[in-house]
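These notes concern the structure reproduced below.
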Amino acid sequence: MNILFIGDIVGKPGRGLIRSAVASLVGRREIDLVIANVENAAGGNGITREIGETFRDQGVDVMTSGNHIWDKREALDYIELEPRLIRPANYPAGAPGKGHVVVTTKSGVSVGVINLMGRVFMAPLENPFTVVQEEIAAIRSESQVIFVDFHAEATSEKIAMGWHLDGKATAVVGTHTHVQSADQRVLPGGTAYITDVGMTGPHDSVIGVEKDVVLKRFLTGMPGRFDTARGTPRLNAVIVTADVTTGHAVAIERLSLSPDDIENYTIEETVAP
């Protein structure tokens, strides 16, 4: 089976790419499941019910998140209503929503999706390395295919999670830094891994924010409103091919596509593994 994971969707430019890209990629690459990180989809920070429902209508099957999941107040209610929107599993007990979901594809294959957040340079949540073991144990009886979005800042923490789950998860993909890394591989135990899938949004920016505002902050130290940039939208994603019997990954393919690339998409236009 083929799973498409779309890196952090940022603002209106990112949402526009979802509208044009998902149906095209699903059809041309025989995608069975679409997962997207949506925590920056609403104006660069957070997710709203309207946007989430639009993503669902456009073919996104599961929505993951991270440290910006609560930036829009309505997400507190929406996450309780929409089980396919998940938050990091290592939030303390009592946080709204859940950290995993098990979904069934049109072909009848069950897939477990787990969301985690790192602790290095981020909020001091529960230990993701122990929590993920509990999450996998909770869904293993329902699915052999398990996909993990690890929303983390530190490269070392992400790589460590990849090795921690090698042979235990189908894929471990990193999100949060908005810069696509070139280290995609299938680890020896059969787990597909990439340190960061990258950003689906405006790439003539500073990780999605207007350049001038960020440069002023670095030059003067003065605060400013971090508006979402608009220039050069690009979709960053990976396609993970999995053996549904063993739950092991067969391949991971890295994508970085402009709107023109999406319109004229062929397999040769992807970034080779």
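Quick notes on this one:
- Measuring max minus min along each principal axis, the C-alpha atoms of the range 27-105 give extents of 39, 27, 19 Å (largest first).
- Distance between modelled label sites at SER24 and ASP204, nm, 7 Å Cα→Cβ extension: 1.9 nm
- With at most 12 other Cβ atoms within 10 Å, longest stretch of the chain clear of loop trypsin sites (Lys or Arg not before Pro) (DSSP): 107-224
- Debye-sum result for the chain in log10 I(q)/I(0), which assumes one identical scatterer on each alpha carbon, at q = 0.08, 0.13, 0.15 Å⁻¹: -0.28, -0.78, -1.07
- Residues of the range 36-75 with amide N under 13 Å of a point placed 7 Å along Cα→Cβ from LYS12: 42-44
- Each label was represented as a point 7 Å from its Cα along the Cα-to-Cβ direction; for ARG73 and ARG185 these points are 4.8 nm apart.
- The range 1-138 shape via C-alpha gyration tensor axes, a/c threshold 1.5: oblate
- Per residue, the Cα convex hull of the range 109-152 amounts to 55 Å³.
- The mean sequence distance of close C-alpha pairs (under 8 Å, at least 6 residues apart), as a share of the length of the chain, puts its relative contact order at 19 percent.
- Estimated FRET transfer efficiency when R0 is 35 angstrom, pair GLU50-THR105 (beta carbons, to 0.05): 0.85
- Just the protein heavy atoms count here, and of the accessible area of the range 183-237 at 1.4 Å, carbon and sulfur take up 57 percent.
- Stretched out straight at 0.36 nm per residue, the stretch from SER156 to SER141 would grow longer than its current Cα-Cα span by 2.3 nm.
- The range 82-236 - accessible surface per residue (Å², probe 1.4 Å): 44 Å²
- Sulfur and carbon atoms: percent of accessible area, the range 1-149 [1.4 Å]: 47 percent
The values are calculated or read from the model by the stated rules, or taken from the named source; none is laboratory data. This structure is a prediction, so every number in the text was calculated from the model and none was measured. Glycine also receives a Cβ, built like all others from the backbone with ideal geometry; neighbour counts cover every protein chain displayed. All accessible areas refer to the heavy atoms of the entire protein, side chains included, with ligands and DNA or RNA removed. Shrake-Rupley method; radii C 1.70, N 1.55, O 1.52, S 1.80 Å.
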